[in-house]
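These notes concern the structure reproduced below.
The values are calculated or read from the model by the stated rules, or taken from the named source; none is laboratory data. Computed from a predicted model, the values in this text were never measured in an experiment. Every residue, glycine as well, gets a Cβ built from its backbone with ideal geometry; the counts of neighbours run over all protein chains shown. Areas reflect the complete protein model, heavy atoms only, side chains present, ligands, DNA and RNA absent. Shrake-Rupley method; radii C 1.70, N 1.55, O 1.52, S 1.80 Å.
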Amino acid sequence: MKKDLTPNKGVKNTDKNALENIKQQAKELKNEVNVKATEFKEESKQAFETVKEKMNETFSEENIDKVKEKLDEYTDDAKDVLEDVSEKASELASDAVENLADFAEDAKEELEQATKKTKGFFKRLFGK
């Protein structure tokens, strides 16, 4: 017995319908992707414009000039403070040198007096 190799018409129609359904779903998916891509593109443009505006605002000449002014003020303040600190340090160093010289002189006098007293003590002690 020979079998008929021609496809069954019912199977053919079902395959065609399935194929058409897949094509239709693919078209719908493609359209949906296009819509979402367009929305994303528009939102990205808006975000970019907002960022661009903020950057221009932040780096405007006026703001840069304000920053320069503040830096100049802080630099001047720092110079003043440095001058004050240098002056105070110089005064302290001068005072320290002066006090050290006085201390050394006083110590020398005290040592001389202690030496005289010690000599006198030993002379009296040993009678020489």
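Helix 9-58 versus the longest principal axis of the chain: what is the Cα-based angle in degrees, 0 to 90, to the nearest 10?
30
For the chain, with only Lys/Arg (+1) and Asp/Glu (-1) charged at the beta-carbon, what is the dipole magnitude about the Cα centre, in debye rounded to 20?
It works out to roughly 2100 debye.
Which three numbers, in whole Å and largest first, are the semi-axes of the equivalent ellipsoid of the chain derived from its Cα gyration tensor as √(5λ)?
Rounded to whole Å, the semi-axes are 108, 32, 6.
Ignoring ligands, DNA and RNA, what percent of the accessible area of the range 14-128 is carbon or sulfur (1.4 Å)?
58
Considering only protein heavy atoms, what per residue accessible area in square angstrom results for the range 15-128 with a 1.4 angstrom probe?
Dividing the accessible area of the range 15-128 by its residue count gives 96 Å².
Using only Cα atoms, tell me the angle between helix 61-126 and the longest principal axis of the chain; keep it within 0 to 90° and round to the nearest 10.
For helix 61-126, the angle is close to 30 degrees.
Calculate for the chain the 222 nm mean residue ellipticity that helices alone would give, adding -39,500 (n - 2.57) per DSSP H run of length 4 or more and normalising by residue count, nearest 500 deg cm²/dmol.
Value at 222 nm, helices only, nearest 500: -34000 deg cm²/dmol.
Using a cut-off of 12 Å between beta-carbons, work out the net charge of the residues near N63 (Lys and Arg +1, Asp and Glu -1, N63 not included). Present the calculation step by step, with values, prior to reporting the outcome.
Working: positive: K54, K66, K68, K70; negative: E57, E61, E62, D65, E69.
It works out to a net charge of -1.
By the scheme Lys and Arg +1, Asp and Glu -1, what is the net charge of all other residues having a beta-carbon under 12 Å from that of L82?
Local net charge: -4.
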